[in-house]
1. Which of the residues that make up region 57-92 are hydroxyl-bearing (S, T, Y) and in contact (Cβ under 8 Å) with a residue 40 or more places away in the chain?
2. Let me spell it out: the conditions are (1) assigned to a helix (DSSP H, G or I); (2) touching a helix residue (DSSP H, G or I) at 6+ places or on another chain (Cβ under 8 Å); (3) surrounded by fewer than 17 Cβ atoms within 10 Å (Cβ to Cβ), and E131 meets all of them except one. Which number is the exception?
3. Show the residue pairs meeting these rules: Cβ distance below 8 Å; 6+ apart or different chains; first residue within region 196-217 and over 10 Å from F129 (Cβ atoms) and without any contact (Cβ under 8 Å) to a residue 60 or more places away in the chain; second residue β-branched (V, I, T) and in a helix (DSSP H, G or I).
4. As an exercise: evaluate S222 against (1) in contact (Cβ under 8 Å) with a residue 24 or more places away in the chain; (2) of a type in the set (S, T, N, Q); (3) surrounded by fewer than 21 Cβ atoms within 10 Å (Cβ to Cβ); (4) farther than 30 Å from R5 by Cβ and give the number of the one condition it does not meet.
5. Against the definition (under 20 Å from T8 (Cα atoms), of a type in the set (G, A, S) and either modelled with pLDDT under 95 or surrounded by fewer than 17 Cβ atoms within 10 Å (Cβ to Cβ) (or both)), how does G308 come out, yes or no?
6. Do you know which residues across region 56-86 are surrounded by fewer than 16 Cβ atoms within 10 Å (Cβ to Cβ) and among the polar types (S, T, N, Q)?
7. Can you confirm whether V365 is buried (at least 17 other Cβ atoms within 10 Å of the Cβ) and over 24 Å from I130 (Cα atoms)?
8. Spot the failing condition for G140; the list is (1) more than 24 Å from D77 (Cβ to Cβ); (2) in a helix (DSSP H, G or I); (3) not polar (S, T, N, Q), and only one is missed.
Amino acid sequence: MKQPRVVTLSNYEDARDAFRQKQLRQALYDEGEVVMADVLVNLHGDDHRARRRLENRLFLRSTHASYERELFPPIVDDAIAPHIATGRAELVSLSHQMMMNLAAFTAGVDRPSGSAEESFRLYAYLMRFIEGATLAHYSGDRDAKRAAVAGALDDFDAEFLRPSIARRRAEIARFDAGDIDEAELPRDVLTVLLRNQDDLNLTHEVVLHETCFYLLAGAHTSATAFVRTLDAIFDMATSAPADAERARDDVYFLQRCVHETIRLHPSSPVAIRWALDDIELKGGQRIELGDKVIIDLMAANRDPAIFGARAETFDPSRKLPEGVGPWGLSFGLGMHACIGQELAAGTASINGIPGEDHLYGLVPVAVRAVLEAGGCRDPEDQPELDPESERGYWLRYPLVFAR
């Protein structure tokens, strides 16, 4: 069989244009279909529009504000408090458990007991799903990993998803009978899917995958940005101590640190698309039907034509051209722009002055809590990168609380 031609886009303008091309279909998660088959991010055309239109209703700015100002701060405080008491934490597991609790709420995964044991089991499932979604970047035995992920999906389905579905079906039945108002229904992805299951022809397997996708996407991308931002701020304590102090005291500057981290270290280093037709980008690059298009986000987000001569350096005070997001293209654009972008990273201020309705995002909220508690690297136990990942994930990141 003839191998497809590979077209790599490395500059910002070509990458931005490619994201907006409707004839380029998502291909990043082809290897991860064990958990990502038929989820929102993998759909195209009418199927994608229909499902996104429904799920967009959950991601309103008013809902984001409620999460950021009311729901999430107690979750962060509860997660960090035991570690402050002992004076130590391991950031990779702490970040995923913290973000997992909110992601479970958004996805519609009930936590009946709320016990530590239940949290550990859900966390173990989450980490398996992440391994499945990122199989394209896994350097070990992919078939063995795929089988392990499939087994975890079955167990998660029995332990968490089916009971969550049963409770929501009961609530939907009460609403249909007129016993409760619509506002009293759970506000989560699972409820939306169940209420529209027949219209969208969703099998139980699709509902399982979509729920898992929101659980892993909501937890993993935010947790990764959380750890990487703290790592960058800890580096600033040596290279730019005044900025490190400012990050502890100025939440808007801290948000810019998060945005700059996400620009330099997108959750995925590339986006991948299949060409469904012949295309010519505005810059003249030709793409042919069947081509595999790799959008090199690491390169595009460091394009000196857009981000300046020092595009590869961490600079939260960076001046940007009009229309360029401070996070670069890390959240994507067009039909597959990240649906949870504002929830995770807040809004970007046009004039550099946040207004009363400005959202800072859940990642800055979590980072701020660690900094306020005096969090810093453990000088006696250095962090380690995961040797089995090509994405530059931390395997472990020991932390001490100095205050």
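1. Those that are hydroxyl-bearing (S, T, Y) and in contact (Cβ under 8 Å) with a residue 40 or more places away in the chain: T63, Y67.
2. Answer for E131: the failing condition is (3).
3. Cβ pairs passing all conditions: Q197/V207; V207/I165.
4. (3)
5. The answer is no for G308.
6. Within region 56-86, N56, S62, S66, T86 meet the criteria.
7. Considered against the rule, which asks whether it is buried (at least 17 other Cβ atoms within 10 Å of the Cβ) and over 24 Å from I130 (Cα atoms), V365 comes out as no.
8. (2)
The values are calculated or read from the model by the stated rules, or taken from the named source; none is laboratory data. Small disclaimer: the values here were computed from a predicted structure and weren't measured. Positions of Cβ are backbone-derived with ideal geometry, glycine not excepted, and every protein chain shown enters the neighbour counts.
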